[in-house]
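Just below is one structure, and these are the notes that go with it.
The values are calculated or read from the model by the stated rules, or taken from the named source; none is laboratory data. Because the structure is predicted, anything quoted here is derived from the model rather than measured. Positions of Cβ are backbone-derived with ideal geometry, glycine not excepted, and every protein chain shown enters the neighbour counts. Accessible surface areas use protein heavy atoms only, side chains included; no ligands, DNA or RNA. Shrake-Rupley method; radii C 1.70, N 1.55, O 1.52, S 1.80 Å.
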Amino acid sequence: MALYSAAAAVLEGLERGDGGIKSLVYNSRFPHVRQLYALVSETLRYSPVLEKLLSGSALLQAEKKLPPKLAKVLVYDLLFGKGLKCGGRWKALARRHRARLEAELARLKVQQKVSRNEDLLAPAASPTASQLPRYVRVNTLKTCVEDVIDFFKRQGYSYQGKADSMEELRAISKKKFASDLHLPELLVFPSQTDFHNNLLYTSGHIILQDKASCLPAFLLDPAAGSHVIDACAAPGNKTSHLAALLKNKGQIFAFDVDTKRLATMNTMLMRAGVTGFQLAQQDFLTVDPRDPKYARVTHILLDPSCSGSGMVTRQPGEEAAPSPERLQALAGFQRKVLSHALSFPALQRLVYSTCSLHREENEDVVHAVLQEQGSAFRLVNAFPSWPCRGLSTFPGAEGCLRASPIDTLTQGFFVAVLERRGEGAAALSSLPVAAKENLQHGEGTGTAAAAPKKRKRKKQQVKE
């Protein structure tokens, strides 16, 4: 059963945008990573077919306690894989519905006029989608960019300097790498470069994180000493990025409802040398903004559950669009959690992000909540040189950021930066935007990008 549960957990992480398949599999603690990776990949490849089988057989309606992601994994292995060699009570449950599932599969083949299971699959995704660069974020809590570059040079990689354009990033191949043109602590390697056994990764000196996923913390830009909330935190890449920007000074409150994800996150943060954080197994919506504990929270990073539609670039078979009902439910939740985040009394700056491509989860959510808030908060025109902007669905929506495989060589992503108006907000107004623009001209910002080299690992004290 551990295999199917682990695979379902990876699928859930992919949908939330917690990372790519490899990073989630390797961080799962499942002992047989190759077996897990193969099962997740194949389940994703057959995902549209599995969605139809689950819908046609009404399995989830009949077995209401069966989690949808676990159902996908079980049905894949039952009909297309090894026939459920493990699984305990869930295996018995799936086998009870085998006849109905097989009948639905046969009906689907007749409907599509095919005879083989493989013929039910859609054509493969375009090469662009599967050849995104491998992004490596340097963890400035433990090292510096220059030392990491020197390390990879000694490993036989050829450093190409800072990229000046997307075209240069597209051209990176073989054992070459470059510094990213937008984010100063990000190194760019050829697609599929594997660092999971690299000493820098296993020691927490580098973090494997997609470029788009680095944008939220980068744009939140909390000053050292700030109190910050990471509202939907697991698996912790963004949290560790926040800690690096804070230089481990201040306080991070990180929330997630899943015990296993929090345990994995705690391990990851300790490996990254993060201190001054508190993890809580709690739904962020239940957190009391008036609790004195959060009286000094000035920054919030909010990356709520979403459709995950932007992550299809690394998820074979996850191209089916969510239903209108699913989008409406997600958007309702996202508006609610964004409104809740804005109710923290000392809040000055908030970043809202999703790994969704859908306007309903992105611009529409931001617009609706800003209208509710009246003049209390404004939408910042964040990172003006970023090439992919928000959809023009309301005045100023172009201040939002979007990311895509074609335009930015990243996974699909959306980011909006909200800032409190009025007294106390003037000092923050547009400062991160100016700081980010200075990076384009090689100027320092005084953030973690300029952190001194750290040769010795400090004793880590983790609050839980």
Check your understanding: Mind checking whether some residue in the stretch 138-161 is within 21 Å of the chain's Cα centre (by Cα), surrounded by fewer than 20 Cβ atoms within 10 Å (Cβ to Cβ) and among the β-branched types (Val, Ile, Thr)?
Key -> no
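Restricting to the stretch 347-367, name every residue that is part of a loop (DSSP other than H, G, I, E, B), modelled with pLDDT of 95 or more and over 16 Å from Glu419 (Cα atoms).
Taking the stretch 347-367 and keeping what is part of a loop (DSSP other than H, G, I, E, B), we get 347-348, 355-358, 362.
Filter once more, so that each one left must be modelled with pLDDT of 95 or more: 347-348, 362.
Residue satisfying the conditions is Asn362 alone.
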Exercise for review: Return yes when Leu186 is in contact (Cβ under 8 Å) with a residue 24 or more places away in the chain, touching a Leu at 6+ places or on another chain (Cβ under 7 Å) and open to solvent by less than 20 Å² (accessible area, probe 1.4 Å) and no when it is not.
Suggested key: no
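Restricting to the stretch 253-265, name every residue that is out of contact with any Leu (no Cβ under 6 Å at 6 or more places or on another chain) and open to solvent by less than 40 Å² (accessible area, probe 1.4 Å). Give the derivation first.
Our first condition is that a residue be out of contact with any Leu (no Cβ under 6 Å at 6 or more places or on another chain); within the stretch 253-265, this holds for 253, 255, 257-261, 263-265.
Result: Phe253, Phe255, Thr264, Met265.
Residue-by-condition table, conditions (1) modelled with pLDDT under 85; (2) within 22 Å of Lys109 (Cα to Cα):
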position: Arg34; (1), (2): yes, no
position: Leu50; (1), (2): no, yes
position: Leu53; (1), (2): no, yes
position: Lys64; (1), (2): yes, no
position: Pro67; (1), (2): no, no
position: Val73; (1), (2): no, yes
position: Lys82; (1), (2): yes, yes
position: Gly88; (1), (2): yes, no
Exercise for review: Answer yes if at least one residue in the stretch 230-249 is touching a His at 6+ places or on another chain (Cβ under 8 Å) and either buried (at least 20 other Cβ atoms within 10 Å of the Cβ) or not aromatic (Phe, Trp, Tyr) (or both), and no otherwise.
Suggested key: no
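Looking at Ser226, Ser173, which is the one that is on the phi < 0 side of the Ramachandran plot and in contact with a helix residue (DSSP H, G or I) (Cβ under 9 Å, 6 or more places away or on another chain)? Full working, then the answer.
Numbers: Ser173 fails: in contact with a helix residue (DSSP H, G or I) (Cβ under 9 Å, 6 or more places away or on another chain).
The match here is Ser226.
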**Study point:** In the stretch 261-278, residue farthest from Asn248 (Cα to Cα) [restricted to those that are of a type outside the set (A, V, I, L, M, F, W, C) and outside any loop (DSSP other than H, G, I, E, B)]
**Key:** Arg261
Practice item. For Gln440, state whether it is out of contact with any helix residue (DSSP H, G or I) (no Cβ under 6 Å at 6 or more places or on another chain), among the polar types (S, T, N, Q), open to solvent by 10 Å² or more (accessible area, probe 1.4 Å) and modelled with pLDDT of 95 or more. Key: no
Review point. Failed condition for Ala331, given (1) out of contact with any strand residue (DSSP E or B) (no Cβ under 8 Å at 6 or more places or on another chain); (2) at pLDDT 95 or above; (3) surrounded by fewer than 20 Cβ atoms within 10 Å (Cβ to Cβ), with all others met?
Key: (3)
Check your understanding: Residue check, Phe344 against (1) crowded, with 20+ Cβ neighbours inside 10 Å; (2) modelled with pLDDT of 95 or more; (3) not in a loop (DSSP other than H, G, I, E, B), all met but one. Which one?
Key -> (3)
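For the condition modelled with pLDDT of 95 or more, out of contact with any strand residue (DSSP E or B) (no Cβ under 8 Å at 6 or more places or on another chain) and of a type in the set (A, V, I, L, M), what is the one hit in Leu187, Leu141, Leu121? Spell out the reasoning first.
Numbers: Leu187 fails: out of contact with any strand residue (DSSP E or B) (no Cβ under 8 Å at 6 or more places or on another chain); Leu121 fails: modelled with pLDDT of 95 or more.
Residue meeting the stated conditions: Leu141.
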Check your understanding: Just for the stretch 266-295: of the residues that are open to solvent by 30 Å² or more (accessible area, probe 1.4 Å) and in contact with a Ser or Thr (Cβ under 8 Å, 6 or more places away or on another chain), which one is farthest from His205 (Cα to Cα)?
Key -> Gln281
